[in-house]
1. What helices (runs of 4 or more DSSP H) completely inside the stretch 64-146 contain at least 1 residues that are closer than 30 Å to residue 39 by Cβ?
2. Residues of the stretch 24-82 being over 19 Å from the mean Cα position of the chain (by Cα) and at positive phi, which ones?
3. So in the stretch 5-28, with the set limited to residues that are of a type in the set (A, V, I, L, M, F, W, C) and surrounded by fewer than 16 Cβ atoms within 10 Å (Cβ to Cβ), which one is farthest from residue 116 (Cα to Cα)?
4. Just name the residue that is surrounded by the fewest Cβ atoms within 10 Å (Cβ to Cβ) out of those in the stretch 31-63 that are free of Cβ contacts under 8 Å to residues at least 60 places away in the same chain and in a strand (DSSP E or B).
5. Go through 125, 82 for me and flag whichever is in the same structural domain as residue 45 (by TED's automatic domain parsing), at pLDDT 90 or above and aliphatic (A, V, I, L, M).
6. Any residue in the stretch 90-107 that's within 17 Å of residue 51 (Cα to Cα): show its pairings with residues that are assigned to a helix (DSSP H, G or I) and among the aliphatic types (A, V, I, L, M) at Cβ separation under 6 Å, as long as the two are six or more apart or on different chains.
Amino acid sequence: MSTPRGEMLVVGTESAFQLKLIPLSPNRFTGSGIELSEPSEVLERIRSTPEYGFRPLQESDIRNLVSTLSEPERTRMQLQRILTRSPLSLSDIAGESVDHLLTGPVLARPDLGTLSPEMLRSSDILEQSALKEFRRKYPERAGMFF
């Protein structure tokens, strides 16, 4: 999960990492991060979301989705059926004739602090730490931006 503010949450099976990144160029960053090894309700909720990937859709899937759009509960159930399918990689799909793909789920937040009070505290700490590291490594640049 990432935010427009340069925050990232990388969730694995055993632990998670919360990062605050400051871009140096389109593919270089500096910043700070912490490991979130304590169990939390927020992390378990994120772990329970379907795995990200590409799910081929049949014409019948699309017809069913369109027919249920006026009924939110049926739409949710239809999407849930599709999302519980195992996702495929682009290389898996390359050899198949696929007209429609559902990608995702994509999780986005305006900032990670909205997930929980603990995330807000660690976001504030990481923000200060990342800025300190940026100022230490790039004092001339830091003076222009912060």
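The values are calculated or read from the model by the stated rules, or taken from the named source; none is laboratory data. As the structure is a computational prediction, the values presented were derived from the model and not from experiment. So basically every Cβ, Gly included, is an ideal-geometry build from the backbone, and we count neighbours across all protein chains shown.
1. Once the helices (runs of 4 or more DSSP H) in the stretch 64-146 are filtered for at least 1 residues that are closer than 30 Å to residue 39 by Cβ, what remains is 72-83, 117-137.
2. If the condition is that a residue be over 19 Å from the mean Cα position of the chain (by Cα) and at positive phi, then no residue fits.
3. My answer is 24.
4. Filtering the stretch 31-63 for residues that are free of Cβ contacts under 8 Å to residues at least 60 places away in the same chain and in a strand (DSSP E or B), the one surrounded by the fewest Cβ atoms within 10 Å (Cβ to Cβ) comes out as 35.
5. 125
6. Matching pairs, first to second residue: 102/82.
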